[in-house]
Amino acid sequence: MPSSYFQKMLLSCWVLSSMTSAFSPVNKSSSSSSISNKKRNKKKAFADLPPIKLDFSRSEAEEPIRINDPTVAAEMAKELLKAQRNSVNMLTMVKERIIERLSDSIVRAELDDQGFAIVDDLFLFGTANNKSILTELQEEGTRMLHEGGMEVDTTNLGTGEYIVPIVGGEKQYVTCPRMVEIVVSATKHVPEVFTCNNNEESVNKCLDLNPSACMATLRIFDRKALKASTALLMGKEDDNVLDIPLCTSPLKVIANNDDDQRKLSLYYYIVPDTWDKSCGGGLEFESGVANAKRDRCVVFYSDKTKCKTIAWKGSDDSTATMIGHSIELHLVNNKK
């Protein structure tokens, strides 16, 4: 990964690009608290959203770095250009894969018929050779777990899960640039795929999504934390205590109130290729199950499709299967 200095330089360059102006994180917690305000003030939906751009600004207190040695300056320029090229390539690749895969007639038919669709090999589909991207995403997840400000998921205490909103910004982009770029590009281009046109056969295929705002979360599962919690609560680390029957909790729609603007959700799994069903993770729906799998994206309607998460377990077979990651992206209604 490029040094922090070059990442900061890249941020100042990238903010000038139109591609980076198409993402604004939506604060989920603000939805419920704004209900009473809406009743009093009749504020428009999205009135409290942050500006429609990522925060790539540099601190005013930072002094510019001057390089007197021409050789060193040339090497630094090469590194900067490489970082810029990697960023543009990632944004473009995500755009192409999103448009190609989500426009597929089979994927759209599954989404329309059963409320969800499984898109395997999102980035490795066809002749694409993007295995290095998947490795880089796993490395970013490891960095985020240790230095990315991850917090325990308080809604799933004792499960070894940590979460953090993907909001961009200088500090987060330096730590997980490829993940931020996935969110930026998907937020901008998924709405293009679902835009209404006269050829659509079903109203379910036609969505008016906001290309400038989203809710995005990085979720990281740590098996060590799960085993520690299990040992503390139950006095043993036996995997059998982690086997929770799928029928113990009800399926439900995640956007379950009128104030919740989420319309389409995409869960992208970042796990090793040795990750299998026994390792857990994924989603259960009324009409099927989508287990966590490397380079798998699960798409479903946020306000129509009932689902629930499948408990993460991981495996002691290798260090790779001790940790699993997922990017949970929710696209919202367009501004009214």
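So Gly160 clears everything in (1) touching a residue at least 12 places away in the same chain (Cβ under 8 Å); (2) under 30 Å from Ser249 (Cβ atoms); (3) out of contact with any Ser or Thr (no Cβ under 7 Å at 6 or more places or on another chain) except one condition, right? Which one?
Single failed check for Gly160: (3).
Touching a helix residue (DSSP H, G or I) at 6+ places or on another chain (Cβ under 8 Å), surrounded by fewer than 23 Cβ atoms within 10 Å (Cβ to Cβ), assigned to a strand (DSSP E or B) and modelled with pLDDT of 90 or more - does that describe any residue in region 162-178?
Taking every residue of region 162-178 in turn, at least one turns out to be touching a helix residue (DSSP H, G or I) at 6+ places or on another chain (Cβ under 8 Å), surrounded by fewer than 23 Cβ atoms within 10 Å (Cβ to Cβ), assigned to a strand (DSSP E or B) and modelled with pLDDT of 90 or more.
Output the residue which, of all residues in region 192-226 that are modelled with pLDDT of 90 or more and charged (D, E, K, R), is nearest to Gly282 (Cα to Cα).
Within region 192-226, the first condition is being modelled with pLDDT of 90 or more, and the residues that meet it are 192-194, 207-226.
From what is left, the residues that are charged (D, E, K, R) are 192, 208, 219, 222-224.
Details: Glu192: 26, Asp208: 27, Arg219: 12, Asp222: 15, Arg223: 16, Lys224: 19 Å.
Here the answer is Arg219.
Working only within region 138-152, note down all residues that are buried (at least 18 other Cβ atoms within 10 Å of the Cβ) and outside any helix (DSSP H, G or I).
Passing the criteria: Gly148, Met150.
Has region 115-124 got any residue that is at pLDDT 90 or above and assigned to a helix (DSSP H, G or I)? Let's see the steps before the verdict.
Here is the first cut: in region 115-124, the ones at pLDDT 90 or above are 115-123.
This time we only want the ones that are assigned to a helix (DSSP H, G or I), so: none.
No; the residues of region 115-124 include none that is at pLDDT 90 or above and assigned to a helix (DSSP H, G or I).
For Ser302, which of the numbered conditions (1) buried (at least 19 other Cβ atoms within 10 Å of the Cβ); (2) in contact (Cβ under 8 Å) with a residue 60 or more places away in the chain fails to hold?
Evaluating Ser302 over (1) buried (at least 19 other Cβ atoms within 10 Å of the Cβ); (2) in contact (Cβ under 8 Å) with a residue 60 or more places away in the chain leaves (2) as the failure.
Is there any pair with a first residue in region 174-191 that is in contact (Cβ under 8 Å) with a residue 12 or more places away in the chain and more than 16 Å from Arg97 (Cβ to Cβ) and a second that is basic (Lys, Arg) and not in a helix (DSSP H, G or I) whose Cβ atoms are under 6 Å apart and which are 6 or more apart or on different chains, and what are they?
Taking only residues 6 or more apart or on different chains, not a single pair turns up.
The values are calculated or read from the model by the stated rules, or taken from the named source; none is laboratory data. It should be emphasised that the depicted structure is a prediction, and the values quoted were computed from it without experimental measurement. Here Cβ is always computed from backbone atoms with ideal geometry, including for glycine, and neighbour counts include all displayed protein chains.
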